[in-house]
Amino acid sequence: MDNKRPLHQLLQALSTPTFEPFKEHFMQLVKPNLIRKGRVLVDIGQVNSAIYFIETGVIRSYYLKGSEDITSRLVAEGEIACVAESFFSQHVSDEVMETLEDTMVYSISYEAYRQLAQENILIAQLIIQLLEQRLVSFSERVRLFKYLSVEQRIEYYINQPYSLFRRVPDHYIATYLGTTPATFSRCLKTANLEKIQH
């Protein structure tokens with residue numbers, strides 16, 4: 001499968017002769033939008049009515065556990081953002097989705113998404129490919145939690161090219177990796193000391 005980010009795959013596909021007849025219609029359905037930092041795109045109890053392709057910026061999804069919010073997803077340039085369970089089923093969300101930076105997105109409403117998938121087999125195939133990629137990414141995260149210790153998860157994450165370390169608050173990354181901010185901070189200090197010693 002292509003390792004390019006979903007937005008890049010989409011734009012690349014639309015620039016090919018195969019998609020030329022459908023490009024104008026597709027672009028009419030896609031809405032570019034600059035969303036300011038701190039904007040809630042989907043709240044708990046709302047239906048996620050659009051899917052977002054991120055050109056620049058960062059979007060976080062989180063759920064509440066008691067009084068604590070737990071980050072479930074951090075996505076940035078080139079990625080897709082939505083609360084999948086809410087968007088695809090059109091049921092109310094049990095998560096919040098918000099922007100952590102001023103974020104430029106291309107959004108597609110649920111109705112437009114369904115229309116595209118039904119009207120054109122090529123668009124449908126492309127959507128399936130993008131969703132498959134997201135499923136693979138989710139499976140990788142499950143393996144990350146299953147086989148690695150907290151310290152290993154932190155080290156693995158901060159060394160990935162997609163890491164948002166130092167770009168978003170550490171406590172968001174900590175809950176995303178299944179640990180506390182205190183443990184995250186301690187592990188970072190240990191990692192930095194080891195690098196200095198070597």
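The values are calculated or read from the model by the stated rules, or taken from the named source; none is laboratory data. Not measured: the values here are computed from a predicted model. Every residue, glycine as well, gets a Cβ built from its backbone with ideal geometry; the counts of neighbours run over all protein chains shown.
Here residue 10 clears all of (1) over 21 Å from residue 133 (Cβ atoms); (2) surrounded by 17 or more Cβ atoms within 10 Å (Cβ to Cβ) except the condition numbered (1).
The residue that is farthest from residue 99 (Cα to Cα), counting only those in segment 38-58 that are of a type in the set (D, E, K, R) and at pLDDT 95 or above, is 43.
For segment 123-164, enumerate the residues that are hydrophobic (A, V, I, L, M, F, W, C) and surrounded by 15 or more Cβ atoms within 10 Å (Cβ to Cβ). The answer is 123, 126, 127, 130, 144, 148, 150, 154, 158, 164. Only one of the numbered conditions (1) free of Cβ contacts under 8 Å to residues at least 12 places away in the same chain; (2) surrounded by 16 or more Cβ atoms within 10 Å (Cβ to Cβ); (3) not charged (D, E, K, R) is not met by residue 58, and that is (1). Between 157, 162, 113, the distinction of being part of a loop (DSSP other than H, G, I, E, B), under 21 Å from the mean Cα position of the chain (by Cα) and closer than 23 Å to residue 81 by Cβ belongs to 162 only.
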